[in-house]
Every structure is written in structure tokens, then in C-alpha cells.
Amino acid sequence: MFRLKEQPYKIAKNIENLGERKEFLKGIMLDKAKFYVPTGKQEELIKTFAASYDNNRIPVILCTFGNGAGKTETVIQTAYNLVFGAQNGWFDYEVFKNFKFPKNIWYCTNPDAIKERFVDEFDELLKSKVGRFVAAKEDKHYHSHYKFDTGWNLYLKSYNQDPVAYESSNVGVIICDEPLNQNLWGAIKSRRRLGCITLMVQTPLDTPPYIIDEIKTSYDNNIKGYYHIEGDIYSACKKRGVRGYLDPDTVDAIVETYDPEEREARVYGKFGYFSKTILNNLDRELHFVDPEDYPLQPNYLYYHVVDPHDARPNAEIWAAVTPEGRYIIFEELPFDKSIPFWKMKGGVSVKDDIEQIKFVEKKHNIHVHERIMDRHFGTQTRGAYHGETSYIKEYREAGGDEFRFKKSYIAPNTDAEILYGHKRIRECLKILPDGKPGLVIWNTCYHTWNGATHYVRKSEKTKSSFDQALGEGKIVEKYKDYPDVIRYLVCHNYDMNLFKKKSELYREYTSNPLYEVF
């Protein structure tokens, strides 16, 4: 429930008459919004929200707060003050008095957070507004639509809903509590055509790349309509913050519980992972491309690359190599793009994966020249349950000659395997003589791009913590699956003479599938 800080209770202590003191405290509990007191950082967020309304029609506010800094509390109070007008002096701005955009609010977050946080706390505030609203569940287990006598509507939407659910009506305020995936962000954008404030609040731990590439970068480049506020957990501390509410010893104890890898995000609200990006010449404008700009052609060589897993889905990509030597990554598995790959659990059987692979290749009307699999995990004996076989053998036995995988590359002696692969990827990302990059990724390949842009080194403090074999800081393991398959792709040797042979044979055998001639 809402923390009323200490100020109202300090006032109560100064009321000598016991009866008056009780009435005062009763009034506080009945109408908590009137006695809400923000911390200094929460006040900054409220002021930024108000300023964005005065200066733009579709502002986007990115708020990255550490855990416990009060981001959700602030957005719930913000929504309440929009619906019923400014409840106290902290919200005494035009946006809370005379709202000129559609009076529809979307509050979007993870399913559990809706019931466990928002609904409980918002309903607590509404106890002073009995008779002034109607709340409906609309096939949910919680109130998902509030209609108010002030003309406002509040809709609660979860991130696991189909993007279609985000493509109706005009919205005046969109609140995204924790990051939403790029597909939903694309669906949301068109809802803002009559004017809309978008407020994105999050602990920036697993941040989708588009937030960095589009929103944070726009703010850093002073593009009008974009805002960014950072807040650390210390802003909520009684000793170190402004109007804080957390005990200083409690704050310090919380900070100590966080893994160093997470501390930048969870304590300081900073994008900690992006300061040590491994593929540091990867550029969204250059390398994340529209499929229409890089269409597939019959004379390309097609490759299928797999990094197999037992406990989660395989990381799989399909790529074309052009006669100029350009790599075009155009398809991926798994199909599910609702959550980042590193959060997925459970996979599919080899048999079912083969069916998925056939579906992909039929969809694009291609025949694969070669299939490549991680030589480390792909060749390990998998135990009695799998018939004492390896992934490479299992695919061959289940799918026949069409599913004969080659092992991934072995690096030259002068370089360690992963370091060599990094160099090859960076080299491929450079511009070719025709003025275009040597490696591009279709913008439909969410997991591939997400993995490549999150591929980072840990922020290590000591010499002993570095991986000397790689010559770089230790890699954050959970992001490396798709960078791995990109490595396997670009380090795999191919014969340029095949393009000439293929073009000649294609003209002669136009009625045959492309790769049956090889």
C-alpha cells in the first residue's frame, strides 16, 4: 500500500486534542491521495510529465529507476490525479486540470504486476470516490476497465496479450510499467494520433534494444519530445534522499544483496550492460533492415545455423550469402517473440524442430546449401534417454540426408575461437564496395537483433576476473546464443565458384528446386 512518508504523522503529533488527532488521522487514511508526498526524484518525474504535455503532442518519457525508488507508486498517483484532477500541490499543473488529449489511459505491464500491485493500490485510493466510477473485469481475474464520472477511462493491459489488443481506440496517456517488447511498442505508436503522453518506467535490467536505439538516443541527441530521468535507490533514503522514506541501513542491506552484474540497473537505474558492447560497430540504421531492401534471390547461397539446447529452445538462424559476399540473416527460431530468448524455458524435440525447419524453408522457397551446428554441444553424447547419440547424429537420423549438419568452425591457432569469431563479425559489419554493410539482419528477426545488441562483457573490477583466453572481459552468458550462431555463420568457409555454377545451373534447371543440383 502507499507510503504516506512521515509528514502527515508529524502534523498529527502536534495536534494536542486527542479527538481532533484521531479525526485527522482518519481523514488521512480515507483520502490518501491528498496527503501523498513524493521524493525528490518522484517530484522530478511529475514535473517532467507536466512539462512534456505543455511542449509536445506525442512526448515519450523514459524513467529508469532503481528498485525501491518508487516508480510504480508515482505512475499510480499520476493516473489518479489525471482522472480526478490535482489532489494536492504536488500535481498543481495544467495537465492535471485541463487535459486536451483523449481521456483514455492505458496502463500496461506484466500480468502479475497488474493484480499484485496496480489494482490493489489503485482501488485503495478509490475508497474516497465511491459512486464516482464503475469497474469491470471484462473476462479478467481483476478489474481491467474503470469508467469515471469525470469522462476518463482507465484500461489495464498485460504484455502477454495479442498485439491486436493494442490496436484499437485513441489513447491520451500510455503508461508502460517495465519494458514492453518491440512488437507491442509498434502497435501502440498509432494509438497516439490525437495527442498522447507515453510514460515508460522501468528498472533497466533486461532492456529491449529499441529503447536504447530510439528513445534514449533521441533524448541524448536533444530531439524534441523525448525525455529521460534516472533515479537511484538512495533517492528514497531518509538520510541521503529528498523526502525519502527508506531506513538508511535497510537501503545499504538491499544494495549488498544485488549481484554486481545487476547493481548498475537495480541500484542506480542505469543501462549497465551497454557500456561494454562486444559488437560495437553494430548500427541499427545500417544493419537492422527492411526485408524489401534486401530481398532474397535465386542465386544466393543459403545457410541454416543452429546452437542446440536441452533446457530451452534452440537458437537458429537462416542466412543468405550474396555473390558480393554479403550476409543477409532473414529468419530465426523460435517463432515466439513475446519475451527475450534468454527468459525462455523448455524446447522442442528434434522431430518437431525438423517440422519447424521445413516450414521456414518452404515459406521462403529456399533449399539450404549447408547446415551448421555448434561443434561443442552438437557433438556431445546425450545419454541413454537420447539413445547415446549426439544432436548432429539425431538430426541426421530423424531427417535424412537433408539434415546433415556440418560442425562449426575451428579458429586459426593465432586466435582463440570466440575472439576470432568476434573479429570476423565486426569485419563483416563493415561497408562493402557497393556502399552497403557486409552483414545485415532483417528487422523481423527480433531474437537475433536482441542478442547481438545485448552481447556485452561484464563490468569487472579485478585482473583475475578477466578471461585471459579471450583477451576480453568475461561475456555475460545469457545473451550470447544468437551472437554464437552469427559467429558460426561468418566463420564458415564457402566457395565463391559456387555462385557461378549455381547461376548457370539455375538457368538450365528452372523447374527444379535450387539445391537439388548440388
Neighbour count of at most 16 Cβ within 10 Å plus DSSP loop: longest GluC sites (Glu not before Pro)-free window in the chain: 168-323
The range 308-360: chymotrypsin sites (Phe, Trp or Tyr not before Pro) in DSSP coil with no more than 16 other Cβ atoms inside 10 Å: Phe335
Stokes-Einstein D in µm²/s, Kirkwood radius over Cα pairs - the chain at 10 °C with 1.306 mPa s viscosity: 61
Förster radius 56 Å - calculated FRET efficiency between Arg426 and Lys140 (Cβ-Cβ, nearest 0.05): 0.75
Surrounding net charge for Gly438, when Lys and Arg each add one and Asp and Glu each subtract one, Cβ distance under 14 Å: +2
Length added when fully stretched, Asn55-Ile11, from 0.36 nm per residue minus Cα-Cα: 12.1 nm
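Every number here is computed from the coordinates shown, using simple stated rules; none is lab data. Please read all numbers here as calculations on a predicted model, not as lab measurements. Reconstructed Cβ throughout: ideal geometry from the backbone, glycine too, with neighbour counts over all protein chains shown.
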